[in-house]
Amino acid sequence: MDGAELAGKIFYTWLTLVLGFILLPSAFGVSLGISEIYLKILVKTLEWATIRIEKGASKESVLKSSASVGIIQRDESPMEKGLSGLRGRDFELSDVFYFSKKGLEAIVEDEVTQRFSSEELVSWNLLTRTNVNFHYISLRLTTVWVLGVVVRYCVLLPLRVTLAFIGISLLVIGATLVGQLPDSSLKNRLSELVHLTCCRICVRALSGTIHYHNKQYRPQKGGICVANHTSPIDVLILTTDGCYAMVGQVHGGLMGIIQRAMVKACPHVWFERSEMKDRHLVTKRLKEHIADKKKLPILIFPEGTCINNTSVMMFKKGSFEIGGTIHPVAIKYNPQFGDAFWNSSKYNMVSYLLRVMTSWAIVCDVWYMPPMTREEGEDAVQFANRVKSAIAVQGGLTELPWDGGLKRAKVKDTFKEEQQKNYSKMIVGNGSLTSDLD
């Protein structure tokens, strides 16, 4: 048997295993139990590693690794209480100390920028990207870590790349072919079939395990699905259980090819960058979409950027101005098996996908929530905040009022001016901040 024949047999065996045990079951939404067994073994291994770390690491290292809850103790009292006794009085130089304290707290540890970096883990999950020192604690732990590297890069990575290539190729080819059909119910059914099948294959390419809760509240046609945003794979996670009309900006490269193919088969709403700045044009196109109750629900991420797996930041009001029924969805990833957060300012898409595909797995929970509508006398901002609060509570996430745009932009002058106005009102004695807010 020569080398070419041996390579051919290995390739044939590899494709047979991929098709028989992974591709076909995932295409039909069936699980053979392989992922569950893999996760059970992984959990036992990580539990053993945690015990070895606790035995081998010094107390200082354990304290350092578990100090992710915060490094300073904040005084969360409002300005009025912090500057008690100043209302109706002139400015005093001692006021400077209060603002200096708040400024130093923000410099040492502010609650915004840390949401744009990966979530820290209390215990190591045998990935050097989460802690570069732990694998030197003992020889056993080092051996397990090396074995894990071999498994992730030599076994899982080729398998996942193969599945991703097949899934993306089928999506582009299938959507293009379906797009040639005339508009009809048959075309819609075939389009949903192509999207569901290919997204399920791509989720398997990430060793994804998704737990869906409250399926009776899944978004319905003619509605708007809004969810917190951690990663580009949020779309795959949700589309595995149902199809959506997506809203987003037109991209180039591979992403652009996928977008152009998808929009032929399904009424996705893609915008040029110049159109995205025209809020009225965006609103008009979205209203036209939800007016047709036969069209798929629109999927929107109102934060506008990826936030790490700990928080929900400000929802842009545009999604809540167009009317219709809002279907909130909360997504929470399990960081023990891999970090799904995309730090777009640090990693490009290829680097990010490489990090995800070399993680142990992607495990997450998805909670569908009861539909919500805008109440009488409620403006778009209040409605957006109410939906955001509901998602944060359901997903166990921290609710923050800050704009996710601070990831790349500075704080708006209007916010600074608001703080200055509040302080000036206290000085001139025009009433308390509490009464103004009421």
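For the range 138-189, a residue qualifies if it is among the hydroxyl-bearing types (Ser, Thr, Tyr), at pLDDT below 90 and under 21 Å from THR16 (Cβ atoms), and exactly one does: THR162. Residues to consider are ILE298, ILE331; find the one that is open to solvent by less than 50 Å² (accessible area, probe 1.4 Å), in contact (Cβ under 8 Å) with a residue 40 or more places away in the chain, of a type in the set (A, V, I, L, M) and within 30 Å of LEU156 (Cβ to Cβ). Only one candidate qualifies: ILE331. Of the helices (runs of 4 or more DSSP H) contained entirely in the range 205-291, those carrying at least 2 residues that are in contact with a helix residue (DSSP H, G or I) (Cβ under 8 Å, 6 or more places away or on another chain) and free of Cβ contacts under 8 Å to residues at least 40 places away in the same chain fall at 273-277, 279-290.
Within the range 355-378, the set of residues being open to solvent by 20 Å² or more (accessible area, probe 1.4 Å) and assigned to a strand (DSSP E or B) comprises ASP365, TRP367, MET372. Evaluate the following for LEU6: is it modelled with pLDDT of 75 or more, loosely packed, with under 15 Cβ neighbours inside 10 Å and in a loop (DSSP other than H, G, I, E, B)? So LEU6 does not fit the description; no. Summed over the range 9-30, the residues that are open to solvent by less than 40 Å² (accessible area, probe 1.4 Å) and touching a residue at least 60 places away in the same chain (Cβ under 8 Å) give a count of 5. One residue stands out in the range 295-337 among those that are under 19 Å from the mean Cα position of the chain (by Cα), hydrophobic (A, V, I, L, M, F, W, C) and part of a loop (DSSP other than H, G, I, E, B): the one that is nearest to SER117 (Cα to Cα), namely ILE307.
Residues in the range 387-434 that are assigned to a helix (DSSP H, G or I), open to solvent by less than 40 Å² (accessible area, probe 1.4 Å) and of a type in the set (S, T, N, Q) were compared, and the one that is modelled with the highest pLDDT is SER389. Within the range 194-213, at least one residue is open to solvent by 20 Å² or more (accessible area, probe 1.4 Å), in contact with a Phe, Trp or Tyr (Cβ under 6 Å, 6 or more places away or on another chain) and on the phi < 0 side of the Ramachandran plot.
The values are calculated or read from the model by the stated rules, or taken from the named source; none is laboratory data. Keep in mind that this is a model prediction, so the values were computed, not measured. When we count neighbours, we look across all protein chains shown, and the Cβ atoms used for this are built from the backbone with ideal geometry, even at glycine. Note: accessible area is taken over every heavy atom of the protein model, side chains too, but ligands, DNA and RNA are not part of it. Shrake-Rupley method; radii C 1.70, N 1.55, O 1.52, S 1.80 Å.
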